[in-house]
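Trainee: Input: one structure, supplied below.
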Amino acid sequence: MPPDPPPPVDVTPADARRRSRRAFAVWAAAGLAGLGGWKWLRSRDADDDIPWPLRQVHRFNERVGRTLFSPTHLAPEFPPADAREPKVNGRHGRPAEGAGPAAVRVDQPGHAARTFAPADMIAGLPRVEMTTELKRIEGWSQVVTWGGVRFADFAASLGTDAARHPFVGLGTADGVYDVGLDTPSAMHPQTLLCDRMNGESLPEPHGGPLRLVTAVKYGIKNIKWVGRISFRDDRPEDYWASRGYDWYAGL
Amino acid sequence: MPRLAAKHPLPIRISHWLNVPVTAVMAWSGLLIYWAYDPYTIQVFGVVLVKFFPDWFYRALDLESGLATGMAYHFAFAWVFAVNGLFYAGYLVWSGEWRALVPTRRSFREAWHVVLHDLKLRKDPLPPGKFNAAQRFAYTGVVLMGAGAVVTGLAILKPTQLAWLTTMLGGYQFARLLHFALLIGFGLFVAVHLAQVAKAGWNNFRAMVAGFEVVPPPKETADAAGPAAPR
């Protein structure tokens, strides 16, 4: 316990004013220091569109998020009857009307590039269906039933221990849109390469023929029209992270 | 001669004044985030009474198209907000100051007295004490709201990793609504708090800055002249 507060003291009016003035001066100085700190923060050089100290905090929060992360932490699933069509939001990297990418190119250090037709690359892998809430970074969300295969199963099917690399980059064929994932998030059981939505073939505006869906990231990471996948040791480029958003964006 | 009596301990004052700019930054950055998807209204029988928020509000405060900025500030200052809150609550418990702040059994009746007193409907003086009963409810309530803001914030920040928490709070969208409702609650608290501080006067305000208040001198004439009170 702290000591009891001192008993009331008798002071002259001048003394009371002096104590009061001193206290206000100290707090005014503290206020000015705070204001100075704010101006300093606001005027720092941008690191991918936000002041670099805030980018550093995003990185720190990423480390906390990775510590919290577990492949056994699952997003809740909903009855398929709750599923609706999500709003079509992202259009970056959308191929010319009706022409989805004919091939998906897969890169991995130390291995020759491999290309697959979208349907072939998931053929024969265990099918998964999940009804989860797609969460747009703006705050809006929609329950959707997704069908496809686990990204982890696809990575394992390559037979080259692709999951040993710490990062996975995905992009559209034209290179307009790309996302970076940490490998633990990519290998989460609710991260799918997805070719079906709400019981039908994945419509082209929603990323058909093949998109990524992951319950551990905001919608911005759920890339449509997947045309490139690279397993890699350095942090991949990310369309929205270079425009001020958190690279990790983990849910 | 004035008598100075210690009122607010230094840790409380530090926490209080740090909380002012930090909560302001949290509210501002929160509004930048909310702007990106702003569905909430107050409706009565289908008639929209209040829209959160009208376009003029966003324009006046320059809150448009700042989602990435808002998230960057929000998730940085959230640490300060939470750590400061823990520091404040920890000090209240450690020092025993919580006894002056948390409502007691008598507070329910007394709070009504305070309300009538403030509305000038009742004249008799309030019971003495550091905080009156209405203040006890308001200050304890706003601390709990701060804790609620952290908890609902975590639920919408990590709805998969902390799915149990998000589900407990009624799901992702409901937790977001709660988080927003707390912002409105803070706004109402601040409005009433500022009005009450203005009404209470300089001595009260100075105590939150300097720590002491001026108290009336003891009634020397009566006490000194008479015999010591029996013990």
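Trainee: Can you tell me how much longer the chain between A:Arg59 and A:Ala29 gets when fully stretched, taken as 0.36 nm per residue apart minus their C-alpha distance, in nm with one decimal?
Mentor: The A:Arg59-A:Ala29 span can extend by a further 7.6 nm.
Trainee: Report the extension gain between B:Ile184 and B:Ile42 in nm, rounded to one decimal, defined as 0.36 nm multiplied by the number of residues separating them, less their alpha carbon distance.
Mentor: Values: separation 142, 0.36 × 142 = 51.12 nm, distance 1.21 nm.
Here the segment from B:Ile184 to B:Ile42 would lengthen by 49.9 nm.
Trainee: Sorted from largest down, what three extents in whole angstroms do the Cα atoms of chain A have along their principal axes?
Mentor: Computed over the Cα atoms, the extents are 90, 40, 36 Å.
Trainee: Under unit Cβ charges (Lys, Arg +1; Asp, Glu -1), what dipole magnitude, rounded to 20 debye, does the protein assembly as shown have relative to its Cα centre?
Mentor: 2000
Trainee: Pairs of Cα atoms under 8 Å, at least six residues apart: use those to get the relative contact order of chain B, whole percent.
Mentor: 26 percent.
Trainee: What's the lysine pair count for chain B at a Cα cut-off below 28 Å, pairs eight or more apart or interchain?
Mentor: 13
Trainee: I'd like the mean, over residues of B:1-11, of how many other protein chain beta carbons sit within 10 Å of each residue's own Cβ.
Mentor: 4
Trainee: Sticking with this one: Quick check: the distance between the Cα centres of segment B:175-201 and segment A:167-233, to the nearest angstrom?
Mentor: 43
Trainee: Quote the FRET efficiency, to the nearest 0.05, computed for A:Leu41 versus A:Thr12 with a Förster distance R0 of 41 Å and r equal to the Cβ-Cβ distance.
Mentor: 0.40
Trainee: Fully extended, how many nm does the chain gain between A:Glu77 and A:Gln142 (0.36 nm per residue separation, minus their Cα-Cα distance)?
Mentor: 22.2 nm
Trainee: Around A:Val143, which amide H atoms from residues at least 5 apart in sequence, or from another chain, sit under 5 Å from its own amide H, with H modelled in the peptide plane?
Mentor: A:Arg84, A:Leu134
Trainee: Kindly provide the pair-distance distribution of segment B:32-120 built from C-alpha pairs, with 10 Å bins from 0 and whole-percent values in order of increasing distance.
Mentor: Going from the shortest bin to the longest, the percentages are 13, 20, 20, 32, 14, 0.
Trainee: Between A:Arg105 and A:Trp52, how high is the FRET efficiency from 1/(1 + (r/R0)^6) when r is the Cβ-Cβ distance and R₀ = 25 Å? Nearest 0.05.
Mentor: Efficiency, from the Cβ-Cβ distance: 0.15.
Trainee: Next up: Can you grab the distance from the C-alpha centre of segment A:61-78 to the C-alpha centre of segment B:1-65, Å, no decimals?
Mentor: Cα centroid of segment A:61-78 versus Cα centroid of segment B:1-65: 30 Å apart.
Trainee: Continuing with the same structure: In square nanometres, what is one fourth of the surface area of the convex hull spanned by the alpha carbons of the protein assembly as shown? Before the final figure, lay out each step's value.
Mentor: Values: hull surface 124.8 nm².
That works out to 31.2 nm².
Trainee: Mind checking the mean number of beta-carbon atoms from other chains within 10 Å of the Cβ atoms in B:171-177?
Mentor: Shielding by partners across B:171-177 averages 3.
Trainee: Could you tell me the calculated FRET efficiency between A:His92 and A:Thr115, based on Cβ-Cβ distance and R0 = 25 angstrom, to the nearest 0.05? Walk me through the numbers on the way to the answer.
Mentor: Working: r = 23 Å, r/R0 = 0.90.
Computed FRET efficiency for A:His92 and A:Thr115 comes out at 0.65.
Trainee: With unit charges on the beta carbon (Lys/Arg positive, Asp/Glu negative), name the residue among A:Met130, B:Ser29, A:Gln108 whose Cα is farthest towards the positive pole of the charge dipole of the protein assembly as shown.
Mentor: Checking the options against the dipole of the protein assembly as shown, the answer is B:Ser29.
Trainee: Here's a follow-up. For chain A, what number of Lys pairs, 8 or more residues apart or on separate chains, have alpha-carbon atoms under 28 Å from each other?
Mentor: The result is 7.
Trainee: Nearest 20 debye, what's the magnitude of the dipole of chain A about its Cα centre given +1 on Lys and Arg Cβ and -1 on Asp and Glu Cβ?
Mentor: 940
Trainee: Using 7 Å Cα-to-Cβ label points, what is the B:Trp56/B:Trp112 separation (nm, one decimal)?
Mentor: Each label point lies 7 Å from its Cα, and together they span 4.1 nm.
Trainee: List, in order, the whole-Hz ³J(HN,Hα) value for each residue of segment B:124-136 obtained from phi through the Karplus relation with A = 6.51, B = -1.76, C = 1.60 and θ = phi - 60°; use x for Gly and Pro.
Mentor: These are the phi-based 3J(HN,Hα) values: 4, x, 6, x, x, x, 4, 10, 7, 5, 5, 5, 4 Hz.
Trainee: Okay, moving on. Per residue of B:207-216, count partner chain C-beta atoms within 10 Å of its C-beta, then hand back the mean as an integer.
Mentor: 4
Trainee: Along Cα→Cβ, 7 Å out, is where each label goes; now give me the distance between the ones at B:Phe87 and B:Arg105 in nm to one decimal.
Mentor: Using points 7 Å along Cα→Cβ, the separation is 3.7 nm.
Trainee: Let me ask something else about it. Quick one: what does P(r) look like for segment A:150-251 with 5 Å bins over all Cα pairs, in whole %?
Mentor: With 5 Å bins starting at 0, P(r) equals 3, 14, 24, 27, 20, 9, 3, 0.
Here, each number is a calculation from the coordinates, and none is a lab measurement. Just so you know, these numbers come straight off a predicted model, no measurement behind them. No Cβ is skipped: glycine too gets one built from the backbone with ideal geometry, and neighbour counts run over all protein chains shown.
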